[in-house]
Each structure stands twice: as structure tokens, then as C-alpha cells.
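Single-structure report; data block below.
None of the figures in this text is laboratory data; all of them are computed from the coordinates on show. Just so it is clear, the model here is predicted, and its values are computed rather than measured. Every residue, glycine among them, receives a Cβ derived from its backbone with ideal geometry; neighbour counts consider all protein chains shown.
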Amino acid sequence: MFKQLLACAAALAALAAVPVEARTDKIKVHGASLEGNLEGNAPDRDVYVFLPPSYDASANRRYPVVYFLHGYSVGADAYDGLARFQEAVDQAAAAGNELIVVMPDVLTKFKGAMFGASVTTGDFERYVAEDLVGYVDAHYRTIADAQSRGLSGHSMGGYGTLKIAMKYPGIFSSIYAMAPCCLSPSNFTAEQIEQFTAMTPEQVAAAQGFGLAVPATLSAWAPDPKNPPYYVSTGVRDGVVDPLLLARLHANSPLVLLPQYLREMKGLEAIRLEVGDKDFLLQDDTSMHEEFERFGVAHEWQVFEGDHGNRVNARIRSDLLPFFGAHLDK
Amino acid sequence: MKALIATALLALVAAPATAQNITAPPPPIPEGITVEEIKVHGPSLTGNLEGNEVDRQVMVVLPPSYATSPNKRYPVVYYLHGFAIDGKNFYNYMRVPEAVAKNAAEGNEFIVVVPSTLTRMGGSMYSSSVTTGDFRKFIAEDLVQHMDKNYRTIATRGGRGLVGHSMGGYGTWVIGMTYPQVFDSIWAQSACCVSPRTETVESATAMAAVPYEGVDQSGFGMRAGLASAVAWAPNPDNPPFYVDWPIKDGAIDQSVIDRWRANSPLAMVASNVDALRSFDAIGADVGDKDGLVRDDTLIHEELEKFGIAHEWAIYEGTHTDKIGQRFADVVLPFFARHLDR
């Protein structure tokens, strides 16, 4: 018996000595917050969990977790293709920065959740802050504490990062918004809304890129359960958009919301805001930086060389994971 | 005697012109009711740029058995006052002790708490602003925690109700949506400021022209506009009001109007449906001769649209003439049906 145990221990030690290929789990995480959404988005979401190399060999070790929210028009698969997260996690670990990265898929009927608390899309703010965090803490060896939890995202995901940090204080201690979209209040024109309401179901199904950005925004921020088939506010009268529709959108704009959520933002350990110098969002993101300055919200601000998407992969390696390595407790 | 009157008159004349805030005589206090006037410290209000008091006056009305049943705990109803009045005068006007006694006689005992949120501009708007202070958090956290620590409350969500009149009705909506986990049930009486506030170039120009020392004399409507502006579009770099005016270079500054809009209950409902659905019960009412009847009907319709269950009544009355009666006869019985005890 004793010999067997010894042999077993030796085998385990040998196993641990071999460089272990880090594991990527692709799991489903149910969202109670998404149940009953009117768009028919799946409440069971695909989620990538990128584990650090030592995870399986160090059975008692716990790790900080970085949540990453992807951008609009594609899902988590495409973002992993772009960012190659496991490779980034392995490289960070090799540099002494071991952490778990979690990326949920938030592709919806209109190609992006836009992180609203909406009956039409489902409440994707709460999904991230409660359902997903709760599941990951229950099923992985995380350090289940805000001090060891970071939130990040690109574009729509950068928007979600700022918004969720405002709405759910105490879940994440540091946040990283890469080229966040949708910071200024959305002011859709009657023409934009009418273009959408004139689309046939076939056109909606065939739309690519940003072709459904208007309905995605409306479904997340201006839901209307009494207005089928898409259950969004579409009020236009005599060529004028219903001011209340716009008000509902504005109530989801981080630039507009910031003065109401200063305590939440100032309570974070660290904030990174960044954008490429050739990004169409440069001005919008600079406005957010200026608003942070005006209200005394400490943050790191960087304008890097690049456009909206060409540096995502590189910045995750050079800045995002090191940022969380510096700020999350391990 | 004559000399006394003369002195009193002189004092009145010599006193600096004060704001036109509403006052009411002290109410009768029925036998068995205990009233305590306390101060509650508000960490959420510290550092506000208007210099509003951080230690707030609060009226606490205790039910008859509170003194005689030392082990009993009670549900608490937080009652938010309107614009241009303080908590004590609102408590006076609403005759809260009699309302508590009447409900106690019917077997429904509550602690009723009336905080004062009067500010430099005449009202906090129960908003989260670096200029006025974070009055949402003051109510939902500082005040609730003080009560739970110092009184025999039922210190859980199930034991707490939130109600307010006019600006306090507005406060009930926005605090309810922002801190739903704190209160079991909410009721808005004649809520103001439900729809997004708008301005014309003329009205915005007039607002921005009010001298800081002239606020108190600027009239109810103007003061309410100024209070809204500092609560919803604060600017720490723009003294003395510390506000972003809704006008810039002779035109409406839409970015300021947008920030106001994001504080509108009507605009907020669509993004806070789960919060509203999480309440045990919601109620709202307004008088048929109240100028706010249309606005309050809109939020009733918005709740209907989202299938958010609520009681709703339009009764015969004005903005103020029936509210005390309805607090005693409708609102407290509503909480009696829903709060734990």
C-alpha cells in the first residue's frame, strides 16, 4: 500500500514536472438574468475559460480572474480568433502573471447585447456581474473576492465594462476599457429608425457588420414589450423621434451617467481607458477621459498608435494582462 | 406686552430675507405616540460643494407599543418630503403622529421616519450629485443603517417601505430603482419630475442669470429648476453654483439636457424593469386637479407597458389638499398589507 502510494506520488511529481499545456474550457453558463428575454436569446451562453498553465498541477492554488467582454457584430469565437487568449494567458504566466481569463459570448439577435438591463435582450449587465461571476467562482479555483476580479472589454465590451462598473460596484476592483464605444448619448434620426422598421425579416437575417447597430441599441436600451415583432421602441411622429425614446437611450450613456456614479468609479482601485489614434472613437473616448478629469476620477489614459481593431491582440499582451497583474490581488 | 410685540416685529424685519419655504404648525401628538427629533450623519453627503449640512434633521415617530414592548420590532416607513419645505414642517403638515396613531389603533404599528433634505437650492431632488451630495445613498444607506442600529426596526428588506410626496415621490422612484434591495414596497404620492425636464433658450438664459445670492428670492419654479440643474448636471469646476448650465453661447446645450434626462424616472423605467419587479408592491396616486396628473399617468402607463404590477389611483384633489389624509388612509394601510411584522 505504502509503496503504491509512493509510486503514485512519484508519478504525480513527474507529471507536474512536464510542462503542462494550459487548458481552455468552453462551457455553458446559464443566465437567470436572461430568462424570458423577448428576443429569444439563449439564456445558456457559451463561455471561454482560459486557465493558467499551473492550474491543473496546483490543486490548492487559487487565481485572480479577468473577465473580458467582446465587441459588437461577432461572437466570442471570432474574438478568440483575433486575440488568441490562451496563448496570451500562457505568455503572461511565463512572465509570472498567472490569472484566469473568462470571456462570455454575448452575440444576440441583433449581433450584440449592448449590455443593457433590458427585457428584450435580457439583462446582460446582471448576467456578467452576478450569474457569470457566481458560476465561475463556484466551479473554478478563483480568489472569489473583488480585489482579485477585473473587468475588461473592447468596443461594445469596453462600453459594458464602464457601465457594469457603475451599476455593480463591489464586484470588480479594477477595470480596463479598450476603445469603448457608445459613450456619448445616442441620438438616432427618424431616418435611421425608419430604415430599421422597414427591414424585412430576411434583410435582418442577412445583415452584416454594423447593419443592425440601431436595433441592437434600441433593444438593449429602449425595450418595448408591447411593440412586436422586435419589442423595441420605434416611435417616430411627423419625422420627429419620440423624445422619450431618446431619453431612454441617454439614460444608458456612460458620459451622461458618470456624474451619478462618481462614488462607484472613484471606489475602483484602477481604471484604464485607451483608444487608438486612428480610431473613429478617438473623440468620444477622449471626452470620457476629460469627464473623468473634470470629476476627479483617477484613471490611466492612453492613446496608442492604431485603429479600432488592429491592436487588440497586441494590447492584451502588452498592457491589459500586465495591468491586471499589477492591480489584482493574488 | 406692546414692547414685546414691537421687538418681535423689529426682529422679523431685521432678519435677512429668507427663502420662501413652506411652514406648518406643529401637529397634535396623540397619547401613546412618541416623537423624536434626531440628527443623522450622512457620510454620503460629505464634501458636497453647496455646503449642505451633512448632519440631517430627522423626525422619528414611534408607535404606541414601542415604549411598553421592549422586545418588539417594527416595520419602518421612510417618508420623503417635497420641494421648498424641510422634514419637520412636512411632518407637521402631514400630521404624521395622528396617521401613526390611527393605523396603530387598527392594529398596524409602524415607525415613520421623515428626513430633512432641504438644500441651498430648496431641495435635494434625491439625486447623486457632487454639488448637492448623494442623497439617494443618504436615504438608502446612511439613514436606513442609522435607524436599524438605533431603533428596534425589522432590519431587513421585508420590513422597509419608502414613500414620498412631489419631489419626494420623484425620490421614491429614483431611489427605488437605484437601491431596490433596500425596500420591500414603495409608494409615490403626486410625484414630480417624472418626464425629462426641458428648457427653452429664454428659460435657460433666465436660469443661468440668477445671482447666487438671489436664489432664495427667485421664486418656487426657478428654485426648482436650479435645484434640478445642480442635482443632475453638477460641475465641480464652475462655482458658485457648481453646475453646467443648460445654455451655452446662446443655444441650448443638449449634453446638459441629456444628463437631466438620465435622471428622469420615465426614461429610467425601461432600464430598471427587474428592479421594479423585485418590489413586493408598488403604488402611485395623484389628485385630479393636480398639474402633475398627466405626468404621473405617463409613469403608470410605462409600468403597465412593462407588466410591472402596481396600484394606481387618481383621486379628487389638488397637489396638496388630500395628501395627509391619503397617507393615513391609503398609504400606511398599503404598507400594512405588504411589510413584514
Tell me the label-point distance for the pair B:S65, A:Q208, using the 7 Å Cα-to-Cβ offset, in nm and rounded to one decimal. 7.3
What's the average, rounded to a whole number, of partner chain beta-carbon atoms within 10 Å of each residue's beta-carbon in B:302-312? 2
Crossing angle, helix A:85-94 versus chain A [Cα axis fit, 0-90 degrees, rounded to tens]: 40
Which whole number gives the average, over all residues in A:116-126, of C-beta atoms from other chains lying within 10 Å of the residue C-beta? 3
Evaluate peptide B:270-280: per residue, the Cβ atoms of other protein chains within 10 Å of its Cβ; return the mean as an integer. 5
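Considering Cα pairs under 8 angstrom that are at least six residues apart, work out the relative contact order of segment A:103-246 and quote it in whole percent.
Details: 192 pairs, mean separation 37.1, N = 144.
That works out to 26 percent.
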Identify the residues of segment A:53-71 with backbone N under 16 Å of a label point that sits 7 angstrom from the Cα of A:D137 along the Cα-to-Cβ direction, or state none. A:62-67
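Which percent, to the nearest 5, of DSSP beta bridges fully inside chain A are antiparallel?
40
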Residue-by-residue Karplus 3J(HN,Hα) for segment A:113-120, coefficients 6.51, -1.76, 1.60, Hz, glycine and proline x: 5, 6, 6, x, 9, 10, 5, 7
What is the spin-label model distance, in nm, from A:T197 to A:R23 if the labels are put 7 Å beyond Cα along the C-beta direction? 5.2
Checked against the positive end of the charge dipole of segment B:201-258 (+1 on Cβ of Lys and Arg, -1 on Cβ of Asp and Glu, about the Cα centre), the farthest of B:P234, B:W245, B:V210 is B:V210
Relative to the longest principal Cα axis of chain A, at what angle does helix A:2-17 sit, 0 to 90 degrees, rounded to 10? 50
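Name the shape class, rounded, prolate or oblate, that the alpha-carbon gyration tensor gives for chain B, where a ≥ b ≥ c are the square roots of its eigenvalues, rounded holds for a/c under 1.5, and otherwise prolate holds if a/b is larger than b/c and oblate otherwise. Mind showing how you got there, number by number?
Numbers: a/c = 1.67, a/b = 1.19, b/c = 1.40.
Oblate is the answer for chain B, as a/c is 1.5 or above yet b/c matches or exceeds a/b.
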Label-point separation (nm) for A:V240 and A:F280, each offset 7 Å from Cα along Cα-to-Cβ? 3.0
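Determine the alpha carbon to alpha carbon distance for each of A:K278/A:K330; A:K226/B:K322; A:K111/A:K163; B:K72/B:K102 and list only those over 26 Å. Could you put the intermediate results ahead of the total?
Values: A:K278/A:K330 36 Å; A:K226/B:K322 35 Å; A:K111/A:K163 19 Å; B:K72/B:K102 19 Å.
Long pairs (Cα-Cα over 26 Å): A:K278/A:K330; A:K226/B:K322.
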Within segment A:246-284, the residues whose backbone N lies under 16 Å from a label point placed 7 Å from the Cα of A:D145 along the Cα-to-Cβ direction are A:269
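With both partners inside chain B, how many of the DSSP beta bridges are antiparallel, as a percent to the nearest 5?
On the way: 17 of 42 bridges.
The antiparallel fraction comes to roughly 40 percent.
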Label zone at B:N150 (point 7 Å along Cα-to-Cβ), backbone N below 20 Å, segment B:44-59: B:44-47, B:52-59
Gyration tensor on Cα atoms of segment A:79-140, a ≥ b ≥ c root eigenvalues, a/c under 1.5 rounded, else prolate if a/b beats b/c, else oblate, says oblate
In whole Hz and in residue order, list the ³J(HN,Hα) couplings for segment B:205-218 that follow from phi through the Karplus curve 6.51 cos²θ - 1.76 cosθ + 1.60, θ = phi - 60°; x for Gly and Pro. 5, 5, 4, 6, 8, 5, x, 4, 7, x, 4, 4, 9, 7
Return the long-range amide H neighbours of A:Y176 (sequence gap of 5 or more, or a different chain), with a cut-off of under 5 Å between placed amide H atoms. A:L151, A:S152, A:G153, A:R272
Mind listing which GluC sites (Glu not before Pro) in segment B:237-341 are in a DSSP loop and have 12 or fewer other Cβ atoms within 10 Å? B:E316
If a/c stays under 1.5 just call it rounded; otherwise compare a/b with b/c (prolate if a/b is bigger, oblate if not). Do that for the protein assembly as shown, with a ≥ b ≥ c from the square roots of the Cα gyration tensor eigenvalues. prolate
